[in-house]
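The values are calculated or read from the model by the stated rules, or taken from the named source; none is laboratory data. The model shown is predicted, which means the values in this text are computed figures rather than measured ones. Heads up, the Cβs are rebuilt from the backbone with ideal geometry, glycines too, and the neighbour counts pull from every protein chain shown. Side chains are part of the model used for accessible areas, which takes the heavy atoms of the whole protein and leaves out ligands, DNA and RNA. Shrake-Rupley method; radii C 1.70, N 1.55, O 1.52, S 1.80 Å.
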Amino acid sequence: MASDIPDHHSGRSGSGGQTFFPPKGTKKNILLATRGHAFARDEFYAVFEDNPDIEWSGVEHPAAQLMFTPQIAAHIDCYVLYDMPGIEFKRHGDGVPVFHEPPQFFKDGLLAMLEEGKPLVILHHACASWPAWPEWAEIVGARFLYQPMKLRGVDRPDSGYRLDVRHKVSALSRHPITEGVSEFELLDELYLFEVFEESVIPLFRSDFTFTAEHFYSAKLALAGRLNANEGWQHAPGSNLVGWVKRYRNSPIVYLQFGDGPSTYRNPAFRKILKNAINWACSPEAERWAREL
């Protein structure tokens, strides 16, 4: 009888998650990279379980680094990144993290994939990944800084964060990723960070005010002073929260959305992420990324 089946056998883990690659031309095969930043795992993964267009495989760092090669990518339609590698956080002392460069095999493999045109959909905190590798910021089109450091040869302050901001997001132009999405409200974390607006095609902006008095210092937070901004200075930042860009021959999508369950459950977020994956995997996106 159905009532005799334990909950852990009748939930998502019992009904989804294939162990084979979907045939070409059916569902999109997604590799989802995580680890490096805490998140509500079950509710985040539910976003992917509930997407009928995809099959997905979740891989955590450091093992995920082995998946970024043209040979592995030949079996993957799109890589979705919700990870934050390259940062070793220190919970004691001054809280200054240690930054690690990616292994050379990872850099070589990722850049070879992008040369071949493999798409990336990059979410939320993944913009802070690999702070010791400048090229990652160029791939994303932005960088969240946990410490003051040089970016594009210029000294920049640490970035700002603000948790649980209720704000409105507006689509800026007609694009397959914005299709079916009107203005919507979101309760999410926002960043006051470095955005290379001249290098991206804007898709979404927030109505929040991106100035230092509305954010908290990442450096102070790591030093044990959560939600503090005394003495911290940062120039007004971009209210851009979603964009597309090219890198080498690949379409790149960045969405700042995605801190926690409130966002995971938001229908507009789910629609945008689904659109982003569909567009990134499309022949149109591949052709666009290869345009000179």
Review point. Taking the chain as a Gaussian network, where each spring joins two C-alpha atoms under 10 Å apart, which residue of G141, G224, G36 fluctuates the most?
Key: G224
Check your understanding: What is the P(r) of the chain, as percent of Cα-Cα pairs per 10 Å bin from 0?
Key -> 6, 28, 36, 22, 7, 1, 0
Point to revise | Candidate lysines for bridging to K107, where Cα separation is under 16 Å - those fewer than 8 sequence places away on the same chain excluded | key: K118
Practice item. Could you rank the peptides 115-127, 145-157 by their average count of other C-beta atoms within 10 Å per residue, with the highest value first? Key: 115-127, 145-157
Point to revise | Farthest toward positive dipole pole in the chain [+1 Lys/Arg, -1 Asp/Glu at C-beta], among F99, A276, I201 | key: I201
Review point. Please state the Cα pair-distance histogram of region 55-132 with 5 angstrom bins from zero: what percent is in each bin?
Key: 3, 14, 23, 27, 17, 8, 5, 3, 1
Review point. What ranking, highest mean first, results for peptides 264-272, 128-136 when packing means the other Cβ atoms within 10 Å averaged over each residue?
Key: 128-136, 264-272
Exercise for review: Determine the relative contact order of the chain: mean sequence separation of Cα pairs under 8 Å and six or more apart, normalised by residue count, in whole percent.
Suggested key: 18 percent
**Study point:** Per residue accessible area in Å² of region 147-292, where ligands, DNA and RNA are left out and the probe is 1.4 Å
**Key:** 47 Å²
Exercise for review: Of the options M149, S182, Y79, report the single residue whose Cα projects farthest towards the positive end of the charge dipole of region 76-182 (beta-carbon charges: Lys, Arg +1; Asp, Glu -1).
Suggested key: S182
Point to revise | Per-peptide average of other Cβ atoms within 10 Å, ordering 200-210, 184-194, 231-241 highest first | key: 184-194, 200-210, 231-241
Review point. Using only helices, what value at 222 nm comes out for the chain when you add -39,500 (n - 2.57) per DSSP H run of length 4 or more and divide by the total residues, to the nearest 500 deg cm²/dmol?
Key: -6500 deg cm²/dmol
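Under 1.5 on a/c is rounded, so check that first for region 83-203, then, if it is not, pick prolate when a/b is larger than b/c and oblate when it is not; a ≥ b ≥ c are the square roots of the alpha carbon gyration tensor eigenvalues.
Because a/c hits 1.5 or more and a/b fails to exceed b/c, region 83-203 counts as oblate.
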Practice item. Report the FRET efficiency, 1/(1 + (r/R0)^6), for E230 and S170, where r is their Cβ-Cβ distance and R0 is 35 Å, rounded to 0.05. Key: 0.60
Point to revise | region 113-182, Cα convex hull volume normalised per residue, Å³ | key: 143 Å³
Review point. Tell me, what does the Kirkwood hydrodynamic radius of region 23-168 come to in angstroms if you use every pair of distinct C-alpha atoms?
Key: 16.7 Å
Check your understanding: What fraction, in whole percent, of alpha-carbon pairs in region 149-244 exceed 18 Å separation?
Key -> 51 percent
**Study point:** Potential extension, E183-F21 segment - 0.36 nm per residue separation minus Cα distance
**Key:** 54.7 nm
**Study point:** Local electrostatic count, G25, Cβ distance below 14 Å [Lys/Arg +1, Asp/Glu -1]
**Key:** 0
Exercise for review: Run the accessible area of the chain with a 1.4 Å probe and give the carbon-and-sulfur part as a rounded percent.
Suggested key: 52 percent
Practice item. Just add up the charged neighbours of P261: K/R +1, D/E -1, any other residue whose Cβ is under 13 Å from the Cβ of P261. Key: -3
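What does the convex hull of the alpha-carbon atoms of region 203-288 project to on average, in nm²?
On the way: hull surface 30.6 nm².
Taking a quarter of the hull surface, the average projection is 7.6 nm².
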Check your understanding: Can you tell me the accessible area per residue over region 72-118, all protein chains present, probe 1.4 angstrom, in square angstrom?
Key -> 46 Å²
